[in-house]
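Read through the structure below, which is laid out as structure tokens, and then see the notes.
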């Protein structure tokens, strides 16, 4: 028995991603709000700790990364929520195509919509926080390698909580601890770069985390979705 | 092995086995706890620099070592339930989560109390301490996920996935000492051949580690029995059991 029209894995990936991007373009708030949240959180820090340039230079990497974590958390909730409530998630689970490819496509779309804008806006935020100019490349590299990890790990938490009514607070409890290694190595790399020291080791570890998350997380997400849609 | 193991997939048999094992674990753990505590607190020699207050090691080290072991045991139980579909393993994993969380909290609190006089600070953001804090958060996440679902079987599957994801964190804890060698001293008793601790101090410590392990076993059995009863509350054997207890 052959399927009427079978999709190759690549076609499947592009189709799901294309669909998610199209849906997101219709709800622009979903893309913009986490970004505005990020900028506001960054603005709060100088107001909270004082406007001294030296102090801000010291804490800039940490602030930017913590704010990026929080805004990722904020944007993650909608990753599966709408598909879950309108039933299309269930159709995906029922379809004969491998689930982890669809999951990977959805996560990639999510990263394009929320991770990429953070990377693009990061130099501006770093400028506002008087970050050491030497550290800019490190900031960009760690964000480019680190934000996909945030989307990939976060998706596991979202998949576990999508069926729950009050999943939001629980989501942060589940995935923020798992974000800690990324945060540690990213900020360590930026601080090393600011001191003009080599930081390739940190970058290598973040890359390793990315590869690990990229290979394992879609399977964990698929398993979690099957539990949630039970 | 499967022939031998198979009857225990039935909740009733597992419940009976847990009931038979419980007194052995309970009695041996109480005896060893008393021996270890008296030996360590009263008879072991005082340390050269830390004088008497080093004795908190007899609580700190067992709870710290075993808090990680409990997580591994939990992950093993989850894996068994996922691979071989033995749903009772889920009950065991659910039973172990709060015990592990308590042990981790104990390790952190005793560590803070111990650190205040010996390091001059109760908390440093050192890699090992931070990893234990993350371990505590992981336990709390697993427990929260268990409580978030109405259906216990569903809750166990969800929490199981989270447990396995958290296992990735365990090697980071393990190797953190070698990665960032900061304030925390490196492992003392892992190399059993030549421990950097005098044997008069080491033996009560090992006694206490064994006692804690048996205590965890006993607590797990008690909680496992409760979990099995809660998950099978509608089964005839549970009703019979309840009626029997009610008659007494």
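Below are the figures for this structure:
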item	result
Some residue of segment A:90-97 being assigned to a helix (DSSP H, G or I), more than 14 Å from chain B (Cβ to nearest Cβ), within 19 Å of residue A:31 (Cβ to Cβ) and more than 10 Å from the chain's Cα centre (by Cα)	no
Residue in segment A:67-87 that is over 20 Å from the mean Cα position of the chain (by Cα) and not in a helix (DSSP H, G or I) present	yes
Any hit, segment B:11-27, residues being part of a helix (DSSP H, G or I), surrounded by 13 or more Cβ atoms within 10 Å (Cβ to Cβ) and touching a strand residue (DSSP E or B) at 6+ places or on another chain (Cβ under 8 Å)	no
Residue match in segment A:123-131 (condition: surrounded by 14 or more Cβ atoms within 10 Å (Cβ to Cβ) and under 17 Å from residue A:152 (Cβ atoms))	no
Verdict on residue B:46 being crowded, with 16+ Cβ neighbours inside 10 Å and either more than 30 Å from residue B:157 (Cα to Cα) or touching a helix residue (DSSP H, G or I) at 6+ places or on another chain (Cβ under 7 Å) (or both)	no
Count of residues meeting criterion [within 30 Å of residue B:120 (Cβ to Cβ) and at pLDDT 75 or above] in segment B:1-51	7
Subset tally (residues that are crowded, with 24+ Cβ neighbours inside 10 Å and within 20 Å of residue B:232 (Cα to Cα)) for segment B:61-82	2
Candidate set from segment B:137-152 (those that are more than 9 Å from chain A (Cβ to nearest Cβ) and in contact (Cβ under 8 Å) with a residue 24 or more places away in the chain); member that is nearest to residue B:164 (Cα to Cα)	B:139
Checking residue B:85 against (1) over 17 Å from the mean Cα position of the chain (by Cα); (2) surrounded by fewer than 19 Cβ atoms within 10 Å (Cβ to Cβ); (3) part of a helix (DSSP H, G or I), the condition it does not meet	(3)
Filter result (under 18 Å from the mean Cα position of the chain (by Cα) and farther than 19 Å from residue A:187 by Cα) within segment A:34-58	A:34, A:35, A:36, A:37
Test result for residue A:206, over 17 Å from the mean Cα position of the chain (by Cα), buried (at least 21 other Cβ atoms within 10 Å of the Cβ) and more than 10 Å from every other protein chain (Cβ to nearest Cβ)	no
Segment B:226-240 - residue that is assigned to a helix (DSSP H, G or I) and without any contact (Cβ under 8 Å) to a residue 12 or more places away in the chain and, of those, nearest to residue B:95 (Cα to Cα)	B:238
Residue count for segment B:138-164, restricted to those that are crowded, with 21+ Cβ neighbours inside 10 Å and closer than 19 Å to residue B:65 by Cα	3
Test for residue A:31: is it part of a helix (DSSP H, G or I), in contact (Cβ under 8 Å) with a residue 60 or more places away in the chain and within 18 Å of the chain's Cα centre (by Cα)	yes
Residue selected from segment A:137-170 under the condition closer than 25 Å to residue A:213 by Cα and surrounded by fewer than 18 Cβ atoms within 10 Å (Cβ to Cβ), by the criterion nearest to the other protein chains (Cβ to nearest Cβ)	A:164
Output for segment B:28-56, where each listed residue is in contact (Cβ under 8 Å) with a residue 60 or more places away in the chain and in contact with a strand residue (DSSP E or B) (Cβ under 9 Å, 6 or more places away or on another chain)	B:53, B:54
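The values are calculated or read from the model by the stated rules, or taken from the named source; none is laboratory data. Quick caveat, the model's predicted, so the values are computed rather than measured. Here Cβ is always computed from backbone atoms with ideal geometry, including for glycine, and neighbour counts include all displayed protein chains.
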